Each structure stands twice: as C-alpha cells, then as structure tokens.
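What follows is a short report on a single structure.
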Amino acid sequence: PAAVTYTTTTVERGTIVDSVTVSGTFISTSTYDMSFEKRSGYLSEITVKAGDTVTAGQMLARLDTDELESEIQKQKLAVERAQIALDIARTAEGATADSIRLAEIDYELQKIQLDEMQTELEKQCIYAPIDGVVSYISSPGIGEYVAARSTLMRIVDPTSLQIECTGDNVSDFQLGKDVVVTLDKTEY
C-alpha cells in the first residue's frame with residue numbers, strides 16, 4: 001500500500017467564526033395600503049406624490065364628488081328651512097303639541113339626511129392614517145376609474161424600519177446573534 005502522509009499544524013488559541021452572508025432590504029414595520037374601501041368612482045384628485053411626507057389626517061386622494069357636493073348644499077338649505085318652520089311652529093299662536101312635534105320630526109329627518117350625505121362625502125376621500133412617507137402610488141390618472149379596495153398608494157413609517165433578508169441561508173440567522181450590516185460600503 002501507498003504510504004499515508006499527514007499534514008499537521010501547531011495548535012493555537014483563536015476564535016472560530018461561523019458567518020452567513022445574505023442580501024436584504026429595509027422595510028417599514030408600519031405599512032398602510034390605501035384604497036377607497038367602499039366606493040368606486042372616477043379619480044378627481046391626488047394631493048401627494050411618491051416620496052412626499054404626510055401627516056395623520058391629511059387628505060391624499062379624492063373621487064369625483066361634484067354631484068354629491070351640490071346635493072349637500074341643497075340639503076343644508078332643507079335643514080335651514082326645517083329649522084325656520086320649527087321656530088315658527090314653536091312661537092305660533094294656537095300651536096298644538098302635535099304640530100310642534102311634526103316640525104321637530106321634519107327638522108331631525110332633514111338633519112339626519114345631511115349627516116349621512118356628509119359621511120358619504122368623507123368616504124369619497126382617502127386620509128393618511130399616520131405621519132409617514134408615501135412609498136408607492138399606482139398608475140391611475142385623474143379622471144380614470146378606480147375600483148373599490150384596489151390599492152392606490154402605500155404609506156410607511158420611516159422611523160420604524162427592519163431589514164428583510166432573502167436567500168437560502170436566511171434560516172441560519174438566530175435571534176439574539178450579532179449581525180453586521182453593510183450599507184454603501186460602510187459597516188454597521
């Protein structure tokens with residue numbers, strides 16, 4: 001048989017390093033996909049663009065509401081008319097409890113209808129749920145039809161980020177282990 005040769009080295013103290021290298025992207029832990037939840041319609045306005053900073057409650061987009069706004073103006077006049085009729089019924093000589101109650105009912109009905117219309121108007125708009133940044137806007141242009149529940153834009157919180165890693169070795173990461181993140185050739 002051939003002679004066996006061994007390669008040996010002197011034992012030294014040192015650190016054994018087990019490392020894994022994967023690619024990743026920063027993502028926000030707070031992401032909101034914005035859409036017109038219960039309404040479809042023609043897009044009337046988008047008040048932001050990708051990359052804009054928004055504040056909670058800021059209007060971001062609106063469907064065409066011209067007809068509804070006109071109806072609300074008419075309904076405000078109907079409420080005012082019902083209020084005047086109620087005031088007259090309360091001060092009229094010989095007014096009965098029934099005639100006053102009928103005027104009160106008419107006023108309340110007109111007011112309820114106005115409140116419902118104003119709620120409907122608010123549903124025609126998208127408002128920012130948080131302070132954040134617009135990270136995505138879909139392609140529909142002004143005047144184009146937008147389906148209900150189709151994502152129109154995405155709002156993210158840039159102060160709450162995490163790294164989402166991809167690759168075959170992702171399962172090798174263990175919670176609590178040290179990591180080195182390289183971003184623009186700088187290690188963190």
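Please tell me if Ser99 is in a strand (DSSP E or B), modelled with pLDDT under 95 and more than 19 Å from Arg39 (Cα to Cα).
In short, no.
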message: Just to be sure I understand, how many residues within the stretch 59-89 are open to solvent by 60 Å² or more (accessible area, probe 1.4 Å) and under 19 Å from Thr151 (Cα atoms)?
response: 1
task: Within the stretch 33-77, work out how many residues are within 22 Å of Thr119 (Cα to Cα), in a strand (DSSP E or B) and out of contact with any Cys (no Cβ under 6 Å at 6 or more places or on another chain).
output: 11
- line: Residue hits (the stretch 12-58; over 30 Å from Ser171 (Cβ atoms), free of Cβ contacts under 8 Å to residues at least 24 places away in the same chain and among the β-branched types (Val, Ile, Thr)) are Thr47
query: Residues Asp52, Asp33: which one is closer than 30 Å to Val181 by Cα, open to solvent by 50 Å² or more (accessible area, probe 1.4 Å), modelled with pLDDT of 90 or more and under 39 Å from the mean Cα position of the chain (by Cα)?
result: Asp33
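The values are calculated or read from the model by the stated rules, or taken from the named source; none is laboratory data. Keep in mind the model is a prediction, meaning the values are calculated, not measured. Glycine also receives a Cβ, built like all others from the backbone with ideal geometry; neighbour counts cover every protein chain displayed. Quick note on the areas: whole protein, heavy atoms, side chains included, nothing else; ligands and nucleic acids left out. Shrake-Rupley method; radii C 1.70, N 1.55, O 1.52, S 1.80 Å.
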